[in-house]
Amino acid sequence: MICPFCRTENRPGAVKCAACGSWMTEGPPVREWVRPRSGRMIAGVCRGLADRFGLPVAALRIAFLLSLFLWGGGFVVYIACWIGMPNAPLPLPTTVAPPQPAPHGNGGTGA
């Protein structure tokens, strides 16, 4: 797949150019505002915001802690995000093959 901006060859199915970093699709993929079910510390707000905006989760956690201790507004924002952001949907169950019955006989001894 050739990048329309810098004309470099990329792997098939790539959505971002490896050379210039531009999007090779209509736009960046849409990310939802959800709180993930794994990687949470308290309610998953910082992890959800980090996933949504592509930021490091540690930086957001530190920012919330600093805003909590400096002016207290971080607590209100965190609670509002906790209420407003839904949980991520549960993963679809995978189908498991039914167990195979044990072979009948004497265990292969031939007697």
Q: Counting other beta carbons within 10 Å of each Cβ, put 24, 41 in order, fewest first.
A: 41, 24
**Q.** Simple label model, 7 Å out from Cα along Cβ direction - residue 42 to residue 71, nm
**A.** 1.8
Q: Would you grab the residues whose amide H sits under 5 Å from the one on residue 87? Only those 5+ places off in sequence or on another chain, please, with H modelled 1.01 Å from N.
A: 35
Q.
Just to be sure I understand the curve: with the Debye formula and one point per C-alpha of the range 30-88, what is log10 I(q)/I(0) at q = 0.17 Å⁻¹?
A. -0.50
Q: Please work out how much length the chain gains when fully extended from residue 80 to residue 25, using 0.36 nm per residue of separation minus the C-alpha to C-alpha distance, in nm with one decimal.
A: 16.4 nm
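The numbers here are math on the coordinates, done by the rules we state, and not lab data. All figures in this text were calculated on a predicted structure; none of them were measured in a lab. Don't worry about glycine lacking a Cβ; one is built from the backbone with ideal geometry, like all the others, and counts go over all protein chains shown.
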